[in-house]
Each structure stands twice: as C-alpha cells, then as structure tokens.
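Working notes, beginning with the structure itself.
The values are calculated or read from the model by the stated rules, or taken from the named source; none is laboratory data. Treat the numbers as computed from the prediction; the structure is a model and nothing was measured. Quick reminder, even Gly has a Cβ in these numbers, built from the backbone with ideal geometry, and neighbours come from all protein chains shown.
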Amino acid sequence: MRTARHVPAAAAAILPACATILAVLAVLSACGPATPKSRVPADWTSWRKPVDRVLNYTIPGHGDKARVIYVNAPGWEYAGGAGSGRLEFPEGTVVVKEIYASGSPAPGEKPVTLDVMVKAPGDPDARGGWLWLVKDMASGKETVITTNFCQACHANANSSHPYGDRNPGGAFRDYLYFPPIPGT
Ligand code: HEC
C-alpha cells in the first residue's frame, strides 16, 4: 500500500512540471521561427504602379500568367528626384509583383503568388542589395530566395532589354525592369 500512496504523489509533482514545459513550448512556438514577421506590407494594392496595365505576355522566369507591379512610396519619392540615368533605390523600397492563376483574371480576383523585392543592403540574405521573396497567398508563407536565381536574370534590367521602355541608354536601374519613373 506504501507504493500505491506514493505513485499519485509522484504524478502530482510531475504534472505541474509538464504543464510548465507545455506553456514554455507554446510561447517558443508563438515567437520562434514558426511564425516570422511578414516582410511584405499588407497595403501594397494602395501603392502606385510603374506600368498601369496587366502584363500577360510570356516571359522567362515568371511564365504567361497575369502580372501587376506596385512600388511603395520610398521608391517613388526617390525616383522623383533621380532623373533618367542611374537608379539606386533607398533601403525600405519595396516592389511587389502580383501573379494571377491565369493570363486574364476576373475583376476582383486575388493573386495566387507575390514576387517581391525588398531593398535591404545590410541583410545577409540580400543579393544585389535586395531581398528576393516569393509569397504564397494561400498559406501566407514567404520564402527568401538566397541563390542568385532571381538576381541573375534581373541583372539584365541594368542594360538594354526587351521589356517596358527597354532601358535604351543601358543605365544601371537597380535590377528593375519596370522602375518607377516620374510621369509614368
Ligand atoms: C529569367 C528571368 C527572370 C527571373 C529568373 C526572375 N524574374 Fe522577376 N522579372 C523578370 C521580367 C522580364 C520582369 C518584367 C515584368 C514582367 O513582365 O513580368 C520581372 C519583374 C519582376 C518584378 C517587378 C519589378 C521589375 O523588375 O519590373 C519583381 C518584384 C520580380 N520580377 C521579382 C522576382 C523574384 C522574387 C524572382 C525570383 C523568385 C524573379 N523575379 C525571377 C524576369 C525574371
């Protein structure tokens, strides 16, 4: 009977300890890498667009799905004073490209993916001064691309290319094919 009395006593001591561990785990998983802070501002649809139409011609890297580009206020403010030559956007500039499920989205349809560039030269994951991100809209998951996959193709935007105004002067444009240009 001695043992029978001791077992519940031991269990009573262990249970609060377990509860504490569970509470600690819950706190860790709430603050830890499982839920990192979003790097894509939620208000991107209120930003100005460098090209005021849906792009749906086929391009390498992004396919033939409909695409809409937005640039946040720091990018436009910088472009306003930059002139038409070399462009080098300030830290905090964000460029969001929405990608839709098809080439011709219905009115009000939401994008399935965001391809995003965030100017963050001091970030160890930045390539060419930008963080290159892909956000899956269904899950909310944001993936930073740390290979040079995105940057290598976007380096072509820093010389003459076949898109938009085609960068006829071949100026360094900070990896943007459609940079914000005052008056556009
Ligand atoms: C093989 C070439 C290629 C690759 C790889 C590529 N892109 Fe692009 N990207 C383009 C082109 C061309 C445009 C011009 C806009 C359009 O027609 O969609 C563009 C436009 C963009 C824009 C709008 C700003 C701009 O440059 O006009 C963003 C943001 C963007 N891409 C993000 C990414 C990210 C993030 C990756 C990697 C996951 C990536 N891109 C990989 C070719 C590429």
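As a summary of the residue check, SER84 satisfies the conditions (1) assigned by TED's automatic domain parsing to the domain that holds LYS49; (2) at pLDDT 95 or above; (3) more than 21 Å from SER38 (Cα to Cα) except for the one numbered (2).
Let's see how each residue does on (1) of a type in the set (Asp, Glu); (2) outside any helix (DSSP H, G or I):
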{"site": "THR45", "(1), (2)": "no, no"}
{"site": "ASP52", "(1), (2)": "yes, yes"}
{"site": "GLY61", "(1), (2)": "no, yes"}
{"site": "TRP76", "(1), (2)": "no, no"}
{"site": "GLY80", "(1), (2)": "no, no"}
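When residues in the range 45-90 are screened for being among the charged types (D, E, K, R), without any contact (Cβ under 8 Å) to a residue 60 or more places away in the chain and more than 18 Å from TYR163 (Cβ to Cβ), 1 of them pass. For PRO90, the conditions (1) assigned to a helix (DSSP H, G or I); (2) surrounded by fewer than 12 Cβ atoms within 10 Å (Cβ to Cβ); (3) at pLDDT 95 or above are fulfilled apart from (1). Going by the structure shown, is ALA155 within 11 Å of the ligand (Cβ to nearest atom) and of a type in the set (Gly, Ala, Ser)? Against the criterion (within 11 Å of the ligand (Cβ to nearest atom) and of a type in the set (Gly, Ala, Ser)), ALA155 qualifies.
A quick yes/no check of all residues on (1) within 17 Å of HIS154 (Cβ to Cβ); (2) modelled with pLDDT of 95 or more; (3) touching an Asp or Glu at 6+ places or on another chain (Cβ under 7 Å):
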residue	(1), (2), (3)
ALA19	no, no, no
LEU25	no, no, no
LEU28	no, no, no
SER38	no, no, yes
TRP44	no, yes, no
ASN72	no, yes, no
GLY80	no, no, no
VAL94	yes, yes, no
PRO107	no, no, no
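Among the criteria (1) modelled with pLDDT of 90 or more; (2) β-branched (Val, Ile, Thr); (3) within 13 Å of the ligand (Cβ to nearest atom), the one VAL112 does not fulfil is (3).
If you check ASP136, ASP174 for being more than 15 Å from SER38 (Cβ to Cβ), within 13 Å of the ligand (Cβ to nearest atom) and modelled with pLDDT of 95 or more, only one passes: ASP174. Consider the range 41-76 and keep the residues that are more than 15 Å from PRO180 (Cα to Cα), within 9 Å of the ligand (Cβ to nearest atom) and of a type in the set (A, V, I, L, M, F, W, C). The one that is surrounded by the most Cβ atoms within 10 Å (Cβ to Cβ) is LEU55. The listed residues are ALA152, ALA138, and the only one of them that is without any contact (Cβ under 8 Å) to a residue 12 or more places away in the chain and aliphatic (A, V, I, L, M) turns out to be ALA152.
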